[in-house]
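Novice: Sharing a structure, written as structure tokens. Questions coming.
Read-outs throughout are calculated quantities, based only on the coordinates presented, and are distinct from any laboratory measurement. Here the structure is a predicted model, which means the values were calculated and not measured. Note that each Cβ is placed from the backbone with ideal geometry, even for glycine, and that neighbours are counted across all protein chains shown.
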Amino acid sequence: MTFRTRFAPSPTGPLHLGHAYSALLAHDLAMARGGTFLLRIEDIDTARARPAWEAQIYDDLAWLGIQWSAPVMRQSDRLPAYRDALRRLWDLGLIYPCHCNRRDIEAAATAPQEGAGPMIGPDGIVYPGICRPALPAQGTMPADGVAALRLDMARAVKSVAAGDLTFHETGAGPEGQTGPVAVAPDALVTDVGDVVLARRDMGTSYHLSVVVDDAAQGITDVVRGHDLFEATQIHVVLQALLGLPRPGYCHHRLIRDDSGKRLAKRDDARAIAAYRAQGASPHDIRRMVGL
Ligand code: GLU
């Protein structure tokens, strides 16, 4: 299969050195293998996404010498595809409506073990199951905006074969994991739990969208930072449930600031635009990120 990868930034702030590294690495790999490099704008968080940031992404990438194949996929155009995937999971009895707010979850997650902190998974506090129905939810799926929809992880892992939960790591996880990585069904239930697949205010979530879109874009190799290594187990279970092909994953090191902290969107000082304004060249950026 020809190598096909993508860079998938969220237009919620300036691209910084960490993004430059990720995009250049994915682009270099695609070019070295005679493959394809695609761009996807992850703008489902409409409260934070801004057209100006999206325009800056195109401009910074082009300046870095990165060319992407058309068309650019924009997640805000893809809500019907996410809804279809949710409906399939609903029909399988694997998702349920949740009306909890953050405070309900924190209170329920801390209550039983006074003093002990709640269990934290890749998506924050592991959901304590307040709205989880004893039997699969029935009837029609709630309309958009009525409730969040959560995956019933225990039911989900029961409905897929354990052999379906392995992914191939071509980079390395934060602890050096590489090669075939088997996701443990029990750990998915206890350490990850019932993740939100559709936020009430968005009608989807990062996890659902990324899985549906990687399949729609025919991605063979996902290149992204270590910070998303733990989330990959959620993506793998969703691929198994939805019958979607599984790409290989190349998780790469993160670019850190001088104090060792990973760069965040608010690190405007490391924004590519800021380096450009100071007269840096694309070659300087490559050198700064160790490429
Ligand atoms: N949109 C995500 C981010 O900006 C990247 C998602 C991915 O590569 O899977 O962190």
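Novice: Say we look at the range 194-244 and pick out the residues that are acidic (D, E) and surrounded by 22 or more Cβ atoms within 10 Å (Cβ to Cβ); which of these is farthest from the ligand (Cβ to nearest atom)?
Specialist: Going through the range 194-244, the residues acidic (D, E) turn out to be 194, 201, 213-214, 221, 227, 230.
Next, only the ones that are surrounded by 22 or more Cβ atoms within 10 Å (Cβ to Cβ) stay: 194, 214, 221.
On the way: D194: 21, D214: 8, D221: 12 Å.
Only one residue fits best here, namely D194.
Novice: Looking only at the range 8-49, count how many residues are within 11 Å of the ligand (Cβ to nearest atom) and either under 13 Å from T220 (Cα atoms) or of a type in the set (K, R) (or both).
Specialist: The qualifying residues number 2.
Novice: Return only the number of the condition from (1) free of Cβ contacts under 8 Å to residues at least 60 places away in the same chain; (2) touching a Leu at 6+ places or on another chain (Cβ under 6 Å) that L149 does not satisfy.
Specialist: Here L149 clears every test but (1).
Residues are listed down the side, and each one gets a yes or a no for (1) crowded, with 16+ Cβ neighbours inside 10 Å; (2) under 25 Å from R155 (Cβ atoms):
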| position | (1), (2) |
| --- | --- |
| L39 | yes, no |
| T46 | no, no |
| P51 | no, no |
| W68 | yes, no |
| L86 | yes, yes |
| L89 | yes, yes |
| P97 | yes, yes |
| D104 | no, yes |
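Novice: Taking only pairs six or more apart or across chains, which ones have beta-carbon atoms under 9 Å, a first residue in the range 214-226 that is closer than 9 Å to T5 by Cα and touching a residue at least 40 places away in the same chain (Cβ under 8 Å), and a second residue that is among the hydroxyl-bearing types (S, T, Y) and near the ligand (Cβ under 8 Å from one of its atoms)?
Specialist: If the second residue must be among the hydroxyl-bearing types (S, T, Y) and near the ligand (Cβ under 8 Å from one of its atoms), the pairs left are V223/S22.
Novice: Within the range 106-123, which residues are loosely packed, with under 12 Cβ neighbours inside 10 Å and assigned to a loop (DSSP other than H, G, I, E, B)? Steps first, please.
Specialist: From the range 106-123, those loosely packed, with under 12 Cβ neighbours inside 10 Å are 111-117, 120; that's our starting set.
Of everything in the range 106-123, those that are loosely packed, with under 12 Cβ neighbours inside 10 Å and assigned to a loop (DSSP other than H, G, I, E, B) turn out to be A111, P112, Q113, E114, G115, A116, G117.
Novice: Now, a different point. Select the strands (runs of 3 or more DSSP E) contained entirely in the range 1-77, then report the ones holding at least 2 residues which are touching a Leu at 6+ places or on another chain (Cβ under 7 Å). So that I can check it myself, show each step before the final result.
Specialist: Values: elements: 4-7, 36-41, 69-74.
Those strands (runs of 3 or more DSSP E) span 4-7, 69-74.
Novice: Residue check, A280 against (1) away from the ligand (no atom under 15 Å from the Cβ); (2) of a type in the set (A, V, I, L, M, F, W, C); (3) within 30 Å of H99 (Cα to Cα), all met but one. Which one?
Specialist: Here A280 meets the rest and fails (3).
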